[in-house]
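Trainee: Right, I'll just put the structure down here and ask away after.
The values are calculated or read from the model by the stated rules, or taken from the named source; none is laboratory data. Every value quoted in this text rests on a predicted model; they were computed, and no experiment measured them. Cβ coordinates were reconstructed from backbone atoms using ideal geometry, including for glycine residues, and neighbour counts include every protein chain displayed. Just so you know, the surface numbers come from the protein's heavy atoms only, side chains and all, with ligands and any DNA or RNA stripped out. Shrake-Rupley method; radii C 1.70, N 1.55, O 1.52, S 1.80 Å.
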Amino acid sequence: MAVFEIVKYPNKILRKKTKIVKAITSDTKKLIRDMIETMKKNNGIGLAANQVGIPLRILVISSKDKNKKNNDIALINPVIEKKSGKIYEEEGCLSFPGIYLKIKRANYVKVKAVNDRGKIITIEADGLISRALQHEIDHLDGKTFLERLPLIKRLKTIREIKRRIKSGTW
Ligand code: CO
């Protein structure tokens, strides 16, 4: 297994829509294993393939099952089928180290995807997992959480990031 380097803002790959996965090969499975490894290493709860420089529609999420056991899942070609409710919570992003922003998201989502065995799966979630799914699917659509901010707050955050880049703390 390998740990990828995380692509940070303002790398252009984060702004490009990822490509649909047409076939699940051994390379796809290896990519997923390495993405999970990278997510864990960085203490993330979600990671999109373009965040490790691969422009494919794949995300991984770290969740706990009913017995509080770690349950890392990969979603290939995920699509939000249903969402409802609104909730503001703070979130972070591995591509924006040290930046935490209050973002409005749907409270509940239903996501349809293909798993790493090629089976169609549906996930319904609220709370943290719902938020992580929406955040990662945004990544796959070429959007970061900056685009979810009101303009003034977005400009302020970009200024702060530029300051950190300049001072070498990014
Ligand atoms: Co992110």
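Trainee: Stretched out fully, how many nm does the piece from residue 20 to residue 143 gain, at 0.36 nm a residue minus the Cα gap?
Mentor: Extra length available between residue 20 and residue 143 comes to 42.7 nm.
Trainee: Still on this structure: Helix 26-41 versus the longest principal axis of the chain: what is the Cα-based angle in degrees, 0 to 90, to the nearest 10?
Mentor: Taking the Cα atoms of the chain, the angle to 26-41 is about 50 degrees.
Trainee: Taking 0.36 nm per intervening residue step and subtracting the Cα-Cα distance, what contour gain separates residue 159 from residue 115 on full extension?
Mentor: Extra length from residue 159 to residue 115 when fully extended: 11.9 nm.
Trainee: Per residue, how much accessible area does the chain show when a 1.4 Å probe rolls over the protein heavy atoms, in square angstrom? Don't jump to the answer; show the numbers that get you there.
Mentor: Details: 10070 Å² over 170 residues.
Spelled out: the 1.4 Å probe surface of the chain, per residue, equals 59 Å².
Trainee: Viscosity 0.890 mPa s, temperature 25 °C: Stokes-Einstein D of region 94-164 from its Kirkwood Cα radius, in µm² per second?
Mentor: Once the numbers are plugged in, D ends up at 177 µm²/s.
Trainee: Hey, another quick one. Based solely on its DSSP helices, what 222 nm [θ] is calculated for the chain when runs of n ≥ 4 H residues each add -39,500 (n - 2.57) and the sum is averaged over all residues, nearest 500 deg cm²/dmol?
Mentor: Counting only the DSSP helices, I get -9000 deg cm²/dmol.
Trainee: So what are the three principal axis dimensions of region 1-82 from its Cα atoms, in whole Å, longest to shortest?
Mentor: 39, 29, 28
Trainee: Can you tell me the relative contact order of region 77-170? Whole percent, Cα pairs under 8 Å, sequence separation 6 or more.
Mentor: Working: 114 pairs, mean separation 20.5, N = 94.
So the answer I get is 22 percent.
Trainee: Also: Scaled to the compact-protein estimate 2.2 N^0.38 Å, what is the alpha-carbon radius of gyration of the chain, rounded to two decimal places?
Mentor: For the chain, the normalised Cα radius of gyration comes out at 1.01.
Trainee: Could I ask something else about it? Give me the aspartates and glutamates in straight-line cross-link reach of residue 8: C-alpha distance below 20 Å, same-chain residues under 8 apart excluded.
Mentor: Leaving aside aspartates and glutamates fewer than 8 places away in the same chain, those within reach of residue 8 are 34, 37, 90, 91, 136, 138, 141, 147, 160.
Trainee: Taking R0 as 35 Å, what's the FRET efficiency between residue 5 and residue 126 from their Cβ-Cβ distance, rounded to 0.05?
Mentor: Working: r = 32 Å, r/R0 = 0.93.
With R0 = 35 Å, the Cβ-Cβ based efficiency is 0.60.
Trainee: Tell me the carbon and sulfur percent of the accessible area for the chain, rounded to whole percent, probe radius 1.4 Å.
Mentor: Numbers: 5160 of 10070 Å².
Reported share for carbon and sulfur atoms: 51 percent.
Trainee: Another one. Given an 8 Å cut-off on Cα distances and at least 6 residues of separation, report the relative contact order of the chain as a percent. List each step's numbers first, then the result.
Mentor: Working: 302 pairs, mean separation 38.2, N = 170.
RCO, the chain: 22 percent.
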